[in-house]
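Report on one structure; see the data block that follows.
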């Protein structure tokens, strides 16, 4: 399942014919709620969660594809520049690439509920693709795991490149004083179990510059993962102050982890200079807390890349068609 972004163009080219990515422009939904563990299942520790995430990387490194596939939930989604990959596409892709060296750092752990956890970390990978050496590359990564019948299974994985934070803009003279709003900011619309609808509410708040309402939709332990860093709730609220008036959202897809948590993934396009021309892939996990649905984890900054076209048919293949 785990491969760094810079390796995926070659990997997807090899795997696309057998198992293409599944990108749907619409509210597609995958239900991952089958065989949910009992409510009294033990809460996982951070050390155990990290060991589980490392384990799927080790299965790929050891070319143990049966074990690798056994660690994926049937409705798992993996987000790469070339598309959203289901379980079959993920397994097919993993067979084309084998890590030879792995390194991990900067771990952050979210015990979302007794049957669901997420981890955020930095991963360095060196490996081979179809026998060819691939140099060391590092990425930021997010992953979520659910407990199904007493076994932890991967349901979500996404990576983005690592970039240096942009320097703060230079100021001249006296800083501009903030003006008080003429009226109190409006409360956000009610969120619910549909993560796509919830995410659209967030972007409507960005467009209306209602950052107070946006803040009310984030869990206290919210994390945001971007190329320039990992933000806690307070930092995420500060960086949300941007012009979203021309942002276009598409390619919506969602997955239900259990009755109290779900995932949404989609594409963001923004005409601002420097934004990837084909857009970025973003994903969010929404959770139910005290009867209210809140954002728990957001990951952005995965640049969209197109799949390469299939190779032209060989003369022998042309002849067989006649």
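The values are calculated or read from the model by the stated rules, or taken from the named source; none is laboratory data. Here the structure is a predicted model, which means the values were calculated and not measured. With ideal geometry, Cβ positions are generated from the backbone for all residues, glycine too; neighbour counts draw on all protein chains shown.
Scan 204, 251 and give me the residue that is at pLDDT 95 or above, touching a strand residue (DSSP E or B) at 6+ places or on another chain (Cβ under 6 Å) and either in a strand (DSSP E or B) or more than 30 Å from residue 149 (Cα to Cα) (or both).
Residue meeting the stated conditions: 251.
Only residues that are more than 18 Å from residue 105 (Cβ to Cβ) and crowded, with 22+ Cβ neighbours inside 10 Å: list them for region 118-146, please.
144, 145, 146
Please go through region 142-153 and give me each residue that is in contact (Cβ under 8 Å) with a residue 12 or more places away in the chain and either out of contact with any helix residue (DSSP H, G or I) (no Cβ under 7 Å at 6 or more places or on another chain) or closer than 18 Å to residue 122 by Cβ (or both), ordered by number.
Answer for region 142-153, where residues must be in contact (Cβ under 8 Å) with a residue 12 or more places away in the chain and either out of contact with any helix residue (DSSP H, G or I) (no Cβ under 7 Å at 6 or more places or on another chain) or closer than 18 Å to residue 122 by Cβ (or both): 142, 143, 144, 146, 147, 148, 149, 150, 153.
If we scan region 301-322, do we find a residue that is crowded, with 17+ Cβ neighbours inside 10 Å, modelled with pLDDT of 95 or more and closer than 19 Å to residue 188 by Cβ?
Checked against the condition, which is being crowded, with 17+ Cβ neighbours inside 10 Å, modelled with pLDDT of 95 or more and closer than 19 Å to residue 188 by Cβ, region 301-322 yields no hits at all.
Could you tell me which numbered condition residue 213 fails, if it satisfies all but one of (1) in a strand (DSSP E or B); (2) touching a helix residue (DSSP H, G or I) at 6+ places or on another chain (Cβ under 6 Å); (3) closer than 16 Å to residue 197 by Cα?
It is condition (1) that residue 213 fails.
Would you check which residues across region 271-300 are under 19 Å from the mean Cα position of the chain (by Cα), surrounded by fewer than 17 Cβ atoms within 10 Å (Cβ to Cβ) and assigned to a loop (DSSP other than H, G, I, E, B) and list them?
Answer for region 271-300, where residues must be under 19 Å from the mean Cα position of the chain (by Cα), surrounded by fewer than 17 Cβ atoms within 10 Å (Cβ to Cβ) and assigned to a loop (DSSP other than H, G, I, E, B): 275, 276, 278.
For residue 89, are the conditions met, namely being more than 15 Å from residue 141 (Cβ to Cβ) and within 19 Å of the chain's Cα centre (by Cα)?
yes
In region 222-248, which residues are in a strand (DSSP E or B) and out of contact with any strand residue (DSSP E or B) (no Cβ under 7 Å at 6 or more places or on another chain)?
229
Could you say which residue among 186, 219 is at pLDDT below 95, under 25 Å from residue 291 (Cα atoms) and either loosely packed, with under 15 Cβ neighbours inside 10 Å or touching a strand residue (DSSP E or B) at 6+ places or on another chain (Cβ under 7 Å) (or both)?
186
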